[in-house]
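Shown next, in structure tokens, is the structure this report addresses.
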Amino acid sequence: MPFTHHLRVHPSADHLAREDQLAWKLAELATDRSGAAAEPTPEVVDMVVNRVIDNAAVAAASLTRAPVAAARGQALAHPYVPGAAVFGPSLATRVSPEWAAWANGVAVRELDFHDTFLAAEYSHPGDNIPPILAVAQHAGADGAAFVRGVVTGYEVQVDLVRAISLHAHKIDHVAHLGPSAAAGIGTLLGLPTETVFQAIGQALHTTTATRQSRKGQISTWKAYAPAFAGKMAVEAVDRAMRGQTSPEPIYEGEDGVVAWLLDGPDASYDVVLPGTGEARTGILDTYTKEHSAEYQAQALIDLARSLHHDMPWLADPGAIERVVIHTSHHTHFVIGSGANDPQKYDPTASRETLDHSVPYIFTVALQDGGWHHVDSYTPARAARPDTVALWQRVTTAEDPEWTRRYHATDPTEKAFGARVEIELSAAAAGRGDRTGGQPGDRVVRELAVADAHPLGARPFTRPDYVRKLRTLADGVVEPEEIERFLDLAERLPSLSAGELRELSLVAAPGVLRGGSDRSEPSGLFELGRPTVPEGE
């Protein structure tokens with residue numbers, strides 16, 4: 001049965017025993033080899049395979065983008081044998097595992113297009129995969145060990161995200177990723193509980209940062225933040241294996257994370273964790289994206305797509321007086337007009353900023369009847385006069401019912417959608433849904449969950465993940481290479497160590513040096529030495 005760990009602040013005089021600290025409980029979870037904890041269930045294994053394919057898909061689509069090229073360049077300046085593979089270069093190119101975690105983590109995160117879990121905090125649990133895979137390849141682990149490590153990483157992150165809000169205190173969500181990735185690596189390597197405990201503490205201590213990275217003019221660092229957490233987790237495990245210790249108690253200390261970064265000295269949290277020998281199924285509660293946008297925008301893209309199909313004339317800004325999106329607190333204040341970020345209405349804003357602007361996303365999806373991971377974000381698309389005119393009329397508002405559903409624990413109640421109310425212009429009145437107000441003056445639609453959500457209209461299954469990879473890798477990776485990767489991924493639990501080392505995607509010839517989004521970045525690591533080739 002699950003058990004509840006009661007987390008609160010303890011003064012140093014309490015001499016809180018390690019066994020009573022949250023980091024120790026997480027380490028015990030990672031090192032449990034009993035009962036159902038020893039082997040993941042078939043459903044969990046299948047989902048790990050899905051998410052490995054999902055990560056590869058979004059990484060392939062981002063290979064020529066500048067942040068990914070820069071991170072890859074840094075990694076390639078650190079060759080190492082045996083090392084780990086980097087998305088893009090040849091399989092013979094190996095780098096130190098922490099740098100592979102870094103480069104691949106940025107590639108996976110750049111387009112904001114992989115899986116998500118939202119509760120007290122929000123997260124992208126697929127960010128656990130790059131550091132765990134990098135260590136697995138470097139250490140010569142097999143597919144079964146890698147799967148177990150990923151299952152732990154997801155479980156720890158999901159359990160922390162359910163219980164502890166970071167964004168309420170303006171702490172970036174990757175503070176839950178450092179500990180989860182360290183725990184997953186601990187499971188992968190079969191490390192002792194003491195070692196994993198120290199690694200979790202170090203990983204948390206080095207990955208707490210403010211969430212300004214997701215506020216205002218959002219920069220390229222947004223993709224780097226989780227990759228940094230993964231890299232720090234690898235390094236923390238290395239130090240812990242060498243006998244080095246971490247700040248303790250890291251969560252509960254009077255100068256620790258809870259007391260000074262979260263709810264303060266009088267705070268308490270109930271963290272529910274699997275019991276000893278209990279199956280780790282957290283990954284089954286997570287969900288991926290059909291569209292390259294912030295998760296809370298997924299249902300709104302689907303809703304806008306439906307409106308475009310039913311009433312294409314809504315694409316004309318002359319038909320609309322205003323649009324109000326009634327939604328949850330989080331959606332309103334983080335990606336909606338409640339953020340009070342003028343950048344969310346700026347046609348010259350960065351892609352990262354537009355990705356976190358639900359007024360922009362809804363407008364473009366309504367006009368285009370869909371969403372594209374590149375075309376929907378181009379400067380020309382954002383600056384189109386009819387789009388700008390309509391975009392400025394879209395606002396959000398918090399609705400307590402949508403906030404309640406956002407935080408619901410019942411999966412059938414939990415929702416990340418909205419109710420959209422479109423007030424029509426006088427010229428368009430009479431063409432709408434005739435819902436409320438004066439006859440014909442409003443169109444009202446709502447959608448609780450995205451179409452691809454497990455409870456949505458078209459839940460994602462294995463063929464959808466495969467199609468996502470083939471679509472996003474088209475023109476970037478040769479078809480034979482896509483099929484080679486899929487063959488390995490779908491046999492993941494039975495892969496030998498040698499096969500697991502080849503679980504990566506190689507770009508088609510010329511792609512890495514011919515990408516239109518990419519300059520040829522060089523930095524500190526290239527000073528005084530020739531540029532490291534990208535393995536082509």
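Quick notes on this one:
- Its relative contact order, with pairs defined as Cα atoms under 8 Å and 6+ residues apart, puts the chain at 22 percent.
- Å³ per residue enclosed by the Cα convex hull of the chain: 142 Å³
- Point-charge dipole on Cβ atoms (K/R +1, D/E -1) for the range 309-403, about Cα centre, debye to 20: 240 debye
- Pairs from LYS170/LYS215; LYS170/LYS289; LYS215/LYS344; LYS170/LYS222 whose Cα-Cα separation, in the structure shown, is over 18 Å: LYS170/LYS289
- The Cα center of the range 467-486 and the Cα center of the range 47-71 differ in position by 12 Å.
- The range 234-347: C-alpha gyration tensor shape, a/c 1.5 cut-off, then a/b vs b/c: prolate
- An oblate overall shape is assigned to the range 295-447, the ratio a/c of its alpha-carbon gyration tensor axes (a ≥ b ≥ c) being 1.5 or greater and a/b not exceeding b/c.
- Of all DSSP beta bridges in the range 3-285, antiparallel share, percent nearest 5: 90 percent
- Take every Cα pair under 8 Å whose residues are at least 6 apart in sequence, average their separation, divide by the length of the range 295-447, and the relative contact order is 33 percent.
- Total formal charge among the other residues, if their Cβ is under 10 angstrom from that of SER328, Lys/Arg +1 and Asp/Glu -1: -1
- Cβ-defined net charge surrounding TRP102, 10 Å radius [Lys, Arg +1; Asp, Glu -1]: +1
- Which of ASN340, ALA418, PRO274, positive extreme of dipole for the chain (C-beta unit charges): ASN340
- Computed magnitude of the charge dipole of the chain (debye, nearest 20; Cβ of K, R +1, Cβ of D, E -1): 840 debye
- Distance (nanometres) between label positions extended 7 Å along Cα→Cβ at ASP263 and GLU490: 4.7 nm
- The range 3-285: C-alpha gyration tensor shape, a/c 1.5 cut-off, then a/b vs b/c: prolate
- Using alpha-carbon coordinates, inclination of helix 177-189 to the longest axis of the chain, degrees: 40 degrees
FYI, it's all coordinate maths here, none of it is from the lab. Since the structure is predicted, the reported quantities are computational estimates derived from the model, not experimental observations. Glycine gets a Cβ as well: all are built from the backbone with ideal geometry, and neighbour counts include every protein chain shown.
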